[in-house]
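The values are calculated or read from the model by the stated rules, or taken from the named source; none is laboratory data. Being a predicted model, the structure only gives us computed values, none of them experimental. Counting neighbours? That spans all protein chains shown, and the Cβs are built from the backbone with ideal geometry, glycine included. Accessible surface areas use protein heavy atoms only, side chains included; no ligands, DNA or RNA. Shrake-Rupley method; radii C 1.70, N 1.55, O 1.52, S 1.80 Å.
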Amino acid sequence: MTDKKDDFIFGLRPVIEAIEAGKTIDKIFVQNALQGEIYAELKAILAQNKIRPNYVPIEKLNRFTRKNHQGVVAFISDVPFHRVEDIVPQLFEEGKTPFLLILDRLTDVRNFGAICRTAECVGIDAVIIPEKGGAPINSDSIKTSAGALYNIKICKEPNLAHVVDYLQQSGISVFSATEKAQKLIYDVSFTEPCAIVMGNEETGISKEVLHHSDEKIKLPIEGKTQSLNVSVACGAILYEAMRQKLVKTN
């Protein structure tokens with residue numbers, strides 16, 4: 001069965017059919033210790049499509065719907081997902097200078113949508129998000145992005161620290177935005193292949209991703225309020241990067 005309002009489907013057979021029909025699964029929640037032949041079929045299809053389920057107690061599933069979910073609830077995305085390993089070589093082959101954005105566990109749908117809108121406007125080649133812990137890509141995020149999510153590639157990856165390592169091995173510098181940085185965004189060059197990392201609204205960038213980054217950068221703050229909304233901060237950084245690129249081009 002489906003619920004268009006909340007962008008999710010539930011039940012073993014409906015979820016199987018959705019995956020086989022090519023629907024993009026944003027998140028899937030499976031009841032702990034679920035058993036049975038149909039679940040075994042679903043489990044095999046999930047593995048085949050490299051979809052990682054979140055195993056949760058039945059109480060969490062009941063919060064999504066009180067109907068007979070059979071131990072499975074899947075959230076559907078209208079936006080297709082890509083892999084970083086496919087995007088990066090393609091960008092270099094096309095003669096482009098990769099310009100990427102990594103969002104480390106952003107949870108607010110509106111922040112996510114607004115950031116993707118800005119990212120599309122400045123020409124970001126792909127937005128990279130984690131498989132778990134991030135905001136859902138649903139009708140709300142698409143609406144907040146003003147439809148930009150349809151026009152920008154989204155890469156969903158299991159381990160962002162591994163992504164950072166891969167980007168660096170590919171010749172792409174990784175800049176992490178953090179208040180703990182010594183350098184301002186004006187002290188670094190964004191004109192070469194680069195990726196910018198923005199962190200969670202409350203806890204910032206994870207220690208592992210921060211440790212692997214090439215540079216830590218920050219925005220200047222002159223007022224008494226010591227931090228900006230992540231969407232506003234991201235916009236300021238992306239437009240400084242765009243400014244540098246335009247200056248170099250001209």
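Consider region 148-192. How many of its residues are open to solvent by less than 20 Å² (accessible area, probe 1.4 Å) and farther than 20 Å from His212 by Cα? Final tally of qualifying residues: 4.
Against the condition more than 14 Å from the chain's Cα centre (by Cα) and aromatic (Phe, Trp, Tyr), how does Phe92 come out, does it pass? It is true that Phe92 is more than 14 Å from the chain's Cα centre (by Cα) and aromatic (Phe, Trp, Tyr).
Residues in region 121-147 that are crowded, with 20+ Cβ neighbours inside 10 Å and more than 10 Å from the chain's Cα centre (by Cα): 7 in all. Regarding region 118-129, can at least one residue be identified that is more than 28 Å from Val188 (Cα to Cα) and touching a helix residue (DSSP H, G or I) at 6+ places or on another chain (Cβ under 9 Å)? Looking for residues that are more than 28 Å from Val188 (Cα to Cα) and touching a helix residue (DSSP H, G or I) at 6+ places or on another chain (Cβ under 9 Å), one finds none in region 118-129, hence no. The set of residues in region 93-109 being touching a Lys or Arg at 6+ places or on another chain (Cβ under 9 Å) and open to solvent by 60 Å² or more (accessible area, probe 1.4 Å) consists of Thr97, Arg105.
Selection within region 196-242: residues that are hydroxyl-bearing (Ser, Thr, Tyr) and open to solvent by 30 Å² or more (accessible area, probe 1.4 Å). The member of this set that is farthest from Thr178 (Cα to Cα) is Tyr239. Could you list, in sequence order, all residues of region 107-164 that are over 20 Å from Lys27 (Cα atoms) and hydroxyl-bearing (Ser, Thr, Tyr)? The answer is Thr118, and nothing else. Cβ-Cβ distances below 6 Å connect the following pairs, each with a first residue in region 167-190 that is without any contact (Cβ under 8 Å) to a residue 24 or more places away in the chain, a second residue that is buried (at least 19 other Cβ atoms within 10 Å of the Cβ), and a separation of six or more residues or different chains: Gly171/Pro193.
Looking at Val164, is it hydrophobic (A, V, I, L, M, F, W, C) and in contact (Cβ under 8 Å) with a residue 24 or more places away in the chain? So Val164 fits the description; yes. Among the residues making up region 204-250, a single one is of a type in the set (Asp, Glu) and free of Cβ contacts under 8 Å to residues at least 12 places away in the same chain: Glu222.
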